[in-house]
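The values are calculated or read from the model by the stated rules, or taken from the named source; none is laboratory data. A quick note: this is a predicted structure, and the numbers were derived from the prediction, not measured. Note that we place each Cβ from the backbone using ideal geometry, even for glycine, and neighbour counts take in every protein chain shown. Note: areas computed on protein heavy atoms with side chains; ligands, DNA, RNA excluded. Shrake-Rupley method; radii C 1.70, N 1.55, O 1.52, S 1.80 Å.
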Amino acid sequence: MRIDILTLFPEMCERVLSESIVGRAAAKGIVTFGCHNIRDYTLDKHNRVDDAPYGGGMGMVMQAEPIDRAIQAVSKGCEERPYVIYLSPQGKTLTQQKALELSHMKHLVLLCGHYEGVDERVLEQDVDEELSIGDYVLTGGELPALVLADCITRLLPGALSDAICFEEESHFSGLLEYPQYTRPVEWNGRRVPDVLLSGHHANISAWRHEQALERTRQKRPDLFEKYQETEKKP
Ligand code: 9D3
């Protein structure tokens with residue numbers, strides 16, 4: 001898969017995408033990231049990418065032309081038109097299901113907005129979908145684009161280790177995870193639960209399932225309700 005991010009802060013995006021599991025997936029060639037500065041596509045002699053809104057009002061609006069030229073540039077030489085996503089507080093909220101759907105695309109372009117917004121005409125012409133990551137206000141679309149890139153990348157075949165991947169498939173139950181412990185057995189007067197030291201695998205499994213249920217009931221009653229409903233079905 002190819003993911004191009006159009007932003008005013010390409011270095012910020014490159015840094016995030018070069019680390020950890022996502023960075024490793026890129027190094028392995030499972031995904032290719034391109035982080036592009038929208039400013040590089042302005043034709044303005046002062047390198048401007050924004051201007052005052054028509055009709056007046058506060059703040060600045062990102063101009064259509066540099067954004068459209070950036071999209072044209074990253075589409076060049078591609079057989080198919082990329083799927084263009086605008087990260088915006090007005091979009092539908094990203095879900096795991098949406099990330100899974102997007103993980104099947106060949107080429108995504110993620111457009112990050114700033115200032116008071118983007119000229120509506122380039123959105124109409126070029127954008128296929130608008131996505132938000134939740135109902136809280138950030139300073140720009142970069143973190144949302146990185147959240148989306150991270151979420152999609154880990155779903156690509158080969159991105160996760162076999163161990164984690166197996167765990168995902170076998171354990172995805174709709175419950176929260178059970179508590180985990182590692183050495184030492186006692187820390188600050190707190191002991192690891194005896195059952196985990198017993199070596200009795202059936203008891204350990206039963207204990208973990210119980211813990212997962214209890215935690216979900218306490219911390220995420222919404223998920224617990226859903227889980228109970230799916231359990232009732234044959
Ligand atoms: C002037 C009114 N503001 C809308 C509430 C404007 C505005 C605020 C913040 C416009 C852009 C932003 C920056 N945020 C994003 O670009 C953004 C975002 C977010 O703030 N929260 C959750 N998801 C997203 S996706 C893009």
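Can we say ASP162 is open to solvent by 40 Å² or more (accessible area, probe 1.4 Å) and of a type outside the set (S, T, N, Q)? Judged against the criteria, ASP162 is a match. Scanning the range 83-124 for residues that are over 29 Å from GLY59 (Cβ atoms) and either outside the structural domain of ILE30 (by TED's automatic domain parsing) or in contact with a helix residue (DSSP H, G or I) (Cβ under 7 Å, 6 or more places away or on another chain) (or both) gives ALA99, LEU102, SER103. Within the range 125-154, restricting attention to residues that are of a type in the set (S, T, N, Q) and away from the ligand (no atom under 12 Å from the Cβ), the residue that is least open to solvent (accessible area, probe 1.4 Å) is THR153.
Sort out which residues of the range 41-60 are closer than 20 Å to PHE9 by Cβ and open to solvent by less than 40 Å² (accessible area, probe 1.4 Å), and write them in order of number. Listed by number, the residues that qualify are THR42, VAL49, ASP50, GLY59.
When the residues of the range 75-95 are filtered to those that are away from the ligand (no atom under 16 Å from the Cβ) and within 21 Å of the chain's Cα centre (by Cα), the one that is surrounded by the most Cβ atoms within 10 Å (Cβ to Cβ) is PRO82. Is the range 184-194 home to any residue that is over 30 Å from ALA25 (Cβ atoms) and in a helix (DSSP H, G or I)? Yes, that holds for at least one residue.
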